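What follows is a set of notes on a single structure, which appears directly below.
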Amino acid sequence: ELVALYAMYRPGPMDFIDGYIKRKRGLEPITYYHPIMEKYLKDTYGVIIYQEQVMLLSQEIANFTPEESDLLIRAVFCRRLTQQETALKEKFIRGGMENGYTEEFLEKIWRDWMRCGNYLFYKSHAVCYTWLAYKMAYLKAHYPEEFMQGYFTINDKAI
């Protein structure tokens, strides 16, 4: 839960925190745009949180190769390659339609992915950052003097 919340507490995914919590608590039904999405979004209550989810969905829905789905992450979420972004969107729409999905469905998914922008984490990154934050909070709570001494020592050397 901490990992998911850490990953979501960023611009873009932050918009989904309220729905994630309501779904987790059973206050809101868990819904998917399409049943195929449950396979990858079940653990996160139907909410896209991690880059891996986008990569796997692009492979499942539009027959992207693992390399293309990685390129999708780099091009779209890093916003570096706008020409490639356009080509990948066209491939996604074309591949999805060949697999029987409607253009409306594919456009909706694409818009959601763009809404999260470059703010999605790989789950492994979110786990590492959360673990580090947890350790730091523990040290600060249980060893405040040593923690602060170490903090100021490190920052002193950085200056």
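The values are calculated or read from the model by the stated rules, or taken from the named source; none is laboratory data. Not measured: the values here are computed from a predicted model. FYI the Cβ positions are ideal-geometry reconstructions off the backbone, even for glycines, and counts take in every protein chain you see. These accessible areas exclude ligands, DNA and RNA; they are computed on the full protein's heavy atoms, side chains included. Shrake-Rupley method; radii C 1.70, N 1.55, O 1.52, S 1.80 Å.
Observations on the model:
- Of all accessible heavy-atom area on region 1-43, the percent that carbon and sulfur account for (1.4 Å): 55 percent
- In order through region 131-138: 3J(HN,Hα) via Karplus (6.51 cos²θ - 1.76 cosθ + 1.60), integer Hz, x for Gly, Pro: 4, 5, 4, 4, 4, 5, 5, 4
- Region 120-137 versus region 20-68: alpha-carbon centroid distance in Å: 21 Å
- Over region 1-149, relative contact order from alpha-carbon pairs under 8 Å, at least 6 apart, %: 27 percent
- About its Cα centre, the dipole of the chain is roughly 280 debye, where the only charges are +1 on Lys and Arg Cβ and -1 on Asp and Glu Cβ.
- When you count the other C-beta atoms within 10 angstrom of each residue and take the mean per peptide, 97-108, 134-145, 49-60 line up highest first as 49-60, 97-108, 134-145.
- Cα shape, region 83-159, gyration tensor, a/c 1.5 rule: prolate
- Dipole of the chain, positive end: most advanced residue of T65, F121, Q149 [Cβ charges, Cα centre]: Q149
- Whole-number accessible area per residue in Å² for region 15-109, which is evaluated in the context of all protein chains at 1.4 Å: 56 Å²
- H125 versus T102: modelled label distance in nm, points set 7 Å from Cα along the beta carbon direction: 3.4 nm
- Sum of side-chain charges, K91 neighbourhood, beta-carbon under 13 Å (Lys, Arg +1; Asp, Glu -1): -3
- Among the listed values (i) 56; (ii) 35; (iii) 50, the one matching percent of Cα pairs over 22 Å apart as calculated from this structure is (iii).
- Annotation: amide H of F121 within the under-5 Å range of Q51, sequence separation 5 or more or interchain, hydrogens built in the peptide plane.
- Spin-label pair D18/A141, simplified geometry with 7 Å Cα→Cβ offset, distance in nm: 2.9 nm
- Dipole size of region 41-111 about its Cα centre, with +1 on Lys/Arg Cβ and -1 on Asp/Glu Cβ: approximately 260 debye, rounded to the nearest 20.
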